[in-house]
Amino acid sequence: MTRIVVLGGSFGGLTAAFEIKRLLGNKAEITVVSEDDRFVFNPSLPWLAMGWRKADDITLPVRPTLERKGITFIHEKASGVDAEGSKVITEAREIPYDYLVIATGPHLAFEEVPGLGPEKGHTECIFTLDQAERAHEAWEKFLESPGPVVTGSVQGVSCSGPPYEFAFEVDAELRRKKMRHKVPMVFVTSEPYIGHFGIGGLRNSKRIMEDEFAKRDIKIIANTAVEEIVPAEVRLKDGTKLPFRLSMLAPAMKGVAAVAHLGNPRGFIPVDGNYRHTKYRNIFSVGVAVAIAPPEQTPVPTGVPKTGYMTVKMAKAASLSIVSDITGSVLPEAIPMEVLCLMDMGNTAAFMKASPVLPPRQDSDLREGIVYKWMKIGFERYFLYKMRHGLSNWP
Ligand SMILES: Cc1cc2nc3c(=O)[nH]c(=O)nc-3n(C[C@H](O)[C@H](O)[C@H](O)COP(=O)(O)OP(=O)(O)OC[C@H]3O[C@@H](n4cnc5c(N)ncnc54)[C@H](O)[C@@H]3O)c2cc1C
């Protein structure tokens, strides 16, 4: 029986495991190995930081669904992968595989900027459940004694959307509380211009985002790098000092330690059009773990985002490739990856489309409207339902 091991139990890992099971049934033995035994719907973490969601609203245990589907779940952290010997290594065991799907997401590289991050530094982050819960506590404290807010992302960021959402949400919530006049807000980013999003912008996204930030009286400092963060102050490389009472800055990302040796210098996994490792033919990788080169060299390094939508598409494509290897079925032609995204804007939202992800494009769009906020809420419910029931064949 073919042994398929999936490393990671989130958007990429769960989708791949469910999809391979759906296509192969009992012809393969599928095992998911994950450090976290919960699925966290990351797109709602900014809402959790604002107090608009609780952890239980946006998480679910993965074991019951996996086991119901006949997929083995090992709740352990991998310490390495022996690609030559085809084994995943954890502290407790070695797990042999015929095929491996790496969906381990990012290592958040706070260590690259002194003073960055909630654990060893002075800034908040909203990229994990723990961080978002901590950011919520910081937010509650901030409301008792408001002051300047510095938010955005540091050089090398690749997940640049959530900092935009956080800035818009802070603005909306402060206005709701009639406190906005007490809070100077600055948005810093390594993107060469606002609305670049690491993908060279989307049609007129620069103009739209400039207007949206201007309407909300949020000062933009783009094309910038952060030198260090000291208590209550962000220091930029050009010497600018930005005092803050609350700061949320997104870090750059790298591949996680367990798989970094299979990746590029930043630990991201190089793959072909079917998400197969360019060297190890029985290893596939999907989601944030994958290496995607930026569309252009920017003055300050900025990475390409790998969104949930992209991750699910990658997981399905990788699953098809594995199934085609095993059954000899004909593989459909690889189609270029595209982005479809709903970005929260506090009291409204935006729809974003880039097809393909990187320019030149056939189609791109960014439009704002309250209907996209409702769609985002609906999508959260829909996706959690889909993961709870292991429905990888739903769009
Ligand atoms: C705050 C935030 C907001 C977002 N908003 C949106 C949005 O609105 N729309 C959108 O499309 N996308 C959004 N995204 C992006 C989306 O969440 C990611 O694309 C998606 O989570 C990537 O899935 P993944 O499976 O590649 O990695 P992850 O979701 O990061 O999951 C990685 C998995 O690997 C496991 N793992 C890691 N290391 C190990 C190890 N050594 N051993 C075992 N297991 C390991 C982890 O426990 C986890 O289960 C957002 C992301 C964040 C952080």
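The values are calculated or read from the model by the stated rules, or taken from the named source; none is laboratory data. Just so it is clear, the structure is predicted and the values come from calculations on it, not from any experiment. Cβ placement follows ideal geometry from the backbone for every residue including glycine, while neighbour counts extend to all protein chains displayed.
Some points to look at:
- Candidate set from the stretch 302-329 (those that are within 18 Å of the chain's Cα centre (by Cα) and farther than 15 Å from SER10 by Cα); member that is nearest to the ligand (Cβ to nearest atom): PRO305
- Near pairs, Cβ below 8 angstrom, 6+ apart or cross-chain, from the stretch 162-178 (crowded, with 18+ Cβ neighbours inside 10 Å) to any residue that is of a type in the set (S, T, N, Q): PRO163/THR151; PRO163/SER153; PRO163/THR189; PHE166/THR151; ALA167/THR151; VAL170/THR151; ALA172/ASN347
- Cβ-Cβ distances below 6 Å connect the following pairs, each with a first residue in the stretch 305-319 that is touching a residue at least 60 places away in the same chain (Cβ under 8 Å) and surrounded by fewer than 24 Cβ atoms within 10 Å (Cβ to Cβ), a second residue that is among the small types (Gly, Ala, Ser) and in a loop (DSSP other than H, G, I, E, B), and a separation of six or more residues or different chains: PRO305/SER158; PRO305/GLY198.
- With respect to the conditions (1) surrounded by 15 or more Cβ atoms within 10 Å (Cβ to Cβ); (2) over 27 Å from LEU340 (Cβ atoms); (3) touching a residue at least 40 places away in the same chain (Cβ under 8 Å), VAL230 lacks only one, and its number is (1).
- Hits in the stretch 16-43 (condition: within 8 Å of the ligand (Cβ to nearest atom) and in a helix (DSSP H, G or I)): ASN42, PRO43
- Meets criteria (over 15 Å from ALA317 (Cβ atoms) and without any contact (Cβ under 8 Å) to a residue 12 or more places away in the chain) for GLY25: yes
- Check on GLY13, buried (at least 16 other Cβ atoms within 10 Å of the Cβ), more than 17 Å from PHE127 (Cα to Cα), within 12 Å of the ligand (Cβ to nearest atom) and modelled with pLDDT of 95 or more: yes
- Verdict on ILE283 being within 16 Å of the ligand (Cβ to nearest atom) and either of a type in the set (Lys, Arg) or farther than 20 Å from CYS159 by Cβ (or both): yes
Conditions (1) assigned to a loop (DSSP other than H, G, I, E, B); (2) under 30 Å from GLU212 (Cα atoms); (3) of a type outside the set (Asp, Glu), marked per residue:
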| position | (1), (2), (3) |
| --- | --- |
| SER324 | no, no, yes |
| GLU333 | yes, no, no |
| CYS341 | no, yes, yes |
| LYS353 | no, yes, yes |
| PRO359 | yes, yes, yes |
| ILE377 | no, yes, yes |
| GLY390 | yes, no, yes |
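- Looking only at the stretch 120-148, residues that are more than 16 Å from the ligand (Cβ to nearest atom), touching a Phe, Trp or Tyr at 6+ places or on another chain (Cβ under 8 Å) and either under 18 Å from LEU45 (Cβ atoms) or free of Cβ contacts under 8 Å to residues at least 12 places away in the same chain (or both) come to 1 in all.
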